[in-house]
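Computed from the coordinates by the stated procedures, all read-outs in this text should not be read as laboratory data. These figures come from a predicted structure and were not determined experimentally. Cβ atoms come from the backbone with ideal geometry, glycine included; neighbour counts cover every protein chain shown.
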Amino acid sequence: MMALLASPHPPTIFCALSCKRYHLGPRIRSPPPSLLLLPARNLSLVLPRCADGSAAAADGNMEKKDEAVPPTRPLESEKNKQPHQQQQQQYHQHEIRDGSVVKAQALKFEDTRWVGGTWDMRQFRKNGSTDWDAVIHAEASRRTWLEDHPEASSIDEPVIFDTSIIPWWAWIKSFHLPEAEKLNGRAAMIGFFMAYFIDSLTGIGLVGQTGNFFCKTMLFATVVWVLLIRENRDIKNLKKLFEEMTLYDKQWLATWQDDAPGDSKN
Amino acid sequence: MASLSTTTSTAAGDSLRSFAGLRRETRILRGVAAADAPGSQLRRRQLGVVRASRTSPRLNGRKLRVAVVGGGPAGGSAAEALAKGGVETMLIERKLDNCKPCGGAIPLCMVEEFGLPLDLIDRRVTKMKMISPSNVAVDIGRTLGPDEYIGMVRREVLDAYLRGRAAEAGASVINGLFLRLEQPEGPGGPYRIHYNEFSPAGGGAGERRTAEVDAVVGADGANSRVAKSIGAGEYEYAIAFQERVRIPETKMEYYKERAEMYVGDDVSPDFYGWVFPKCDHVAVGTGTVTHKADIKKFQAATRLRAKDKIEGGTIIRVEAHPIPEHPRPRRVLGRVALIGDAAGYVTKCSGEGIYFAAKSGRMCAEAIVEGSENGSRMIDEGDLRKYLEKFDKMYWPTYKVLDVLQKLFYRSNAAREAFVEMCADEYVQKMTFDSYLYKKVVPGNPLDDLKLAVNTIGSLVRANALRREMDKLTL
């Protein structure tokens, strides 16, 4: 995949936005001199430099224009929008030289808190304890970066970060609780209006409804429904999942399907 | 139809139908693999195992003739077992020096079961590195014993060896291209196969020949012509694309006993990219089922991910081949059976096929030898179905578990991250290698299994939570 990455926006906006969130976002390293040995035609599309140091990168081999690369998602919306737009125009071809794997440079993920293949916990301290939300955020941004700019895996600097060091309550606080709040809210609203509706239809009040077996069953069904199906596409997903679970079995049993008497030809 | 054969085949069909019916119900309703195996065995023993050959006509003055089409691991081991069992065997292979594009990994049990000489194995892989989409690298293999390894072989060497053994056992190995087969005219009639025989001197299109045989074993791989002749049906297949790269000696040292597996959307949407060491070079490749048109892009991405380790290498060969994803709808028809890739016996998740090809060849041959009482009787479809039964029952748990793993962990980048995280666990490593090397799905300690289940769910939840955070970032 070819990526000629543009330099980030003027430093002021970058720093302003990033200082709000964290110290420094991913930086682009200036290319080592070996890159400059590439033929001149490849460098003709190098972008104007910026104070941070620009990066021109060519990597790997590519036989055709890389149309299938997903639209590069800006890391922090508008500050990266323009550079990324420029970036997409800079894709160009780099032929495979016969029989050789071309040496190339690629962008690397850089962050001051990413040390030695893992996140340095000491840099995430806030008010004496570790800011786990920031760790989660940092890891998410690293993965997003790598999804857009896949990197070579390195033997000297292996990635050894393990998400299990983040304690369970941090995950619950960040992800489970907001979702739970949303679902409970929905359940409460549905519950209130159903209680009203049934009361208006049958005259059974709230106390009577909680004692009635049918009402309790419907309550249970509603809870299960709300848990499993949160968006319309969940219904389709569940159906697909069920089909998937049994498809492989069916494929293996296919050869046994036709052992009706007339079939065994001799 | 001779009444004798009809009754025997219906009787055989009855017992098999009940077995199949049992499996069908429990499999689809419960969706649990192998739970009913003991029960169905008992059932069958109660009904009595029908020996179809007891009432099959005796062959007068000649042995049973079987043609094995295709001389790879499946064909070679089938031909050897047939010849050893006293059956007149002909093995037809179109290219005797074929370098089949292949990962080339064989499990330990294959070396033992097939008595392979150790010098067949170019390298012994004892360390495997799994690399996630965000380059988290996990080494697996800590739990391997000192003489446990994954053998890397060159297909041309392995195939030639197995064919040589078949020839020694009495099979006649013919260099020819199978064209088509004609169904027998009446019950018990011979199959007529048409093939082009190539002269040893080489060159030319070869001479058209026909041969009459009593049974045909189709071992001619993913694009099997035998399968087409019997209308076995199609299967979904993956394209595996591989480049052999000769890298400098210093870099080769890293791969001395190590193979790598790269997972990620960039490398493959539903499979993995690999770097496998061969005799003096490495094979860098990837595969996909759903996005075959983008295979070159995936290959470039695989090369990029392994860049540091294969830099400065030269590509000496580029190859590709289809890999079946599941068995063909019909693997046996009349006295024609499919084995190996032709039948579709490649596992999901790991894409392993050599061992199952060789094993299915042997099982098919053994079923034919048994059904024909060492070549003295005619066989019928029931005998071949016995091979199917045996194979399915023995390896179904393995296939199902790998299918579940693939569905669970190759789904998305988040699932792949969880997968690699799970591989760091020692228990997982032990279970994985035990089941890979010995082809037995061994249930471990239930407490450890529970811990494993909890850890798996934890990993998946964390990875998916990170995925949601990633999506939030890009909104």
Would you mind giving the average projected area, over all directions, of the Cα convex hull of the range B:341-475 in nm² with one decimal?
10.8 nm²
So for each of B:407-416, A:170-179 I average, over its residues, the number of other beta carbons within 10 Å; can you give me the resulting order with the highest mean first?
B:407-416, A:170-179
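Quick one: which of A:143-153, A:123-133 comes out on top by average Cβ neighbours within 10 Å, and what's the full order, highest first? If you can, show how the numbers build up before the last one.
Working: A:143-153: 22.0, A:123-133: 13.0.
In decreasing order of mean packing, A:143-153, A:123-133 become A:143-153, A:123-133.
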Packing-wise, with mean Cβ within 10 Å as the measure, how do B:132-138, B:362-368, B:276-282 rank, highest first?
B:362-368, B:132-138, B:276-282
Run the quick spin-label model on A:Leu228 and B:Asn60: label points 7 Å from Cα toward the beta carbon, then report their separation in nm to one decimal.
6.7 nm
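How large is the Rg to Rh ratio of the range A:139-234 when both quantities use alpha carbon positions and Rh follows Kirkwood? Mind dumping the intermediate values first?
Working: Rg = 22.8 Å, Rh = 17.8 Å.
My calculation of the ratio gives 1.28.
Within 10 Å of each Cβ of B:304-311, how many other protein chain Cβ atoms are there on average?
The per-residue average across the peptide is 6.
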FRET efficiency estimate (nearest 0.05) - Cβ-Cβ, B:Lys440 to A:Leu206, R0 60 angstrom:
0.55
List the residues, sorted by chain then number, that are 5 or more residues from B:Gly334 or on another chain and whose placed amide H is less than 5 Å from its amide H.
A:Lys265
Based on alpha-carbon centroids, what's the gap between the range B:284-320 and the range B:70-129 in Å, whole number please?
26 Å
Taking r as the C-beta separation of B:Ile457 and B:Lys256 and R0 as 51 Å, the FRET efficiency to the nearest 0.05 is 0.85
Taking the Cα centre of each part, how many Å lie between the range B:343-420 and the range A:212-242?
38 Å
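Assigning unit charges at the beta carbon (Lys, Arg +1; Asp, Glu -1) and nothing else, what dipole magnitude in debye, to the nearest 20, does the range B:69-214 show about its Cα centre? Don't skip to the end; give the middle numbers.
On the way: 17 positive and 20 negative charges, 118 e Å.
The dipole of the range B:69-214 has a size of about 560 debye.
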Counting helices only, and only those DSSP H runs with n ≥ 4, report the 222 nm mean residue ellipticity of chain B as the sum of -39,500 (n - 2.57) divided by its residues, in deg cm²/dmol to the nearest 500.
-13000 deg cm²/dmol
With θ set to phi - 60° and the Karplus curve 6.51 cos²θ - 1.76 cosθ + 1.60, what are the ³J(HN,Hα) couplings of the range B:116-121 in order, to the nearest whole Hz, using x for Gly and Pro?
6, x, 5, 6, 6, 8
Using a 7 Å offset from the Cα along the Cα-to-Cβ direction at both A:Met189 and B:Asn223, what is the distance between the two label points in nm, to one decimal?
5.9 nm
Rough spin-label spacing in nm, given labels placed 7 Å along Cα→Cβ, for B:Ala169 and B:Lys472:
6.3 nm
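For the range B:281-425, what is the charge dipole size about the Cα centre, in debye to the nearest 20, if Lys and Arg each add +1 at the Cβ and Asp and Glu each add -1 at the Cβ?
Once rounded to the nearest 20, the dipole reads 400 debye.
How much space per residue, in cubic angstrom, does the convex hull of the C-alpha atoms of the range B:157-247 take up? Each step should come with its number before you reach the end.
On the way: hull volume 14.9 nm³, N = 91.
So the per-residue hull volume is 164 Å³.
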Which of the trypsin sites (Lys or Arg not before Pro) across the range B:113-151 are loop residues per DSSP, with 10 or fewer other Cβ within 10 Å?
none
Quick one: of the DSSP bridges fully inside chain B, what percent are antiparallel, nearest 5?
70 percent
Within a Cβ distance under 12 Å of A:Ala187, other residues only, what is the Lys/Arg minus Asp/Glu net charge?
+2
State the Cα centre-to-centre distance between the range B:193-245 and the range A:150-193 in whole Å.
53 Å
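So how strong a dipole does chain B carry about its Cα centre when Lys and Arg Cβ are +1 and Asp and Glu Cβ are -1, to the nearest 20 debye? Before the final figure, lay out the partial values.
On the way: 71 positive and 60 negative charges, 165 e Å.
Computed charge dipole of chain B: roughly 800 debye.
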Beyond 32 Å (Cα-Cα) in this structure, taken from A:Lys108/B:Lys296; A:Lys173/B:Lys297; B:Lys228/B:Lys278; B:Lys228/B:Lys307, we find A:Lys173/B:Lys297; B:Lys228/B:Lys278; B:Lys228/B:Lys307
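Over 21 Å between Cα atoms: which of B:Lys400/B:Lys440; B:Lys100/B:Lys440; B:Lys95/B:Lys256 fall into that group? Each step should come with its number before you reach the end.
Details: B:Lys400/B:Lys440 12 Å; B:Lys100/B:Lys440 27 Å; B:Lys95/B:Lys256 31 Å.
Table pairs above 21 Å Cα-Cα are B:Lys100/B:Lys440; B:Lys95/B:Lys256.
Over the Cα atoms of the range B:290-398, what is the Rg over Rh ratio if Rh follows Kirkwood? Write down the numbers at each step before the final one.
Values: Rg = 19.5 Å, Rh = 16.7 Å.
So for the range B:290-398, dividing Rg by the Kirkwood Rh gives 1.17.
Within the set of other residues whose C-beta is less than 14 Å from the C-beta of A:Val223, count the net charge using Lys and Arg as +1 and Asp and Glu as -1. Kindly include the intermediate steps, with their values, before the conclusion.
Working: positive: A:Arg186, A:Lys216, A:Arg230; negative: none.
Combined, the nearby Lys, Arg, Asp and Glu give +3.
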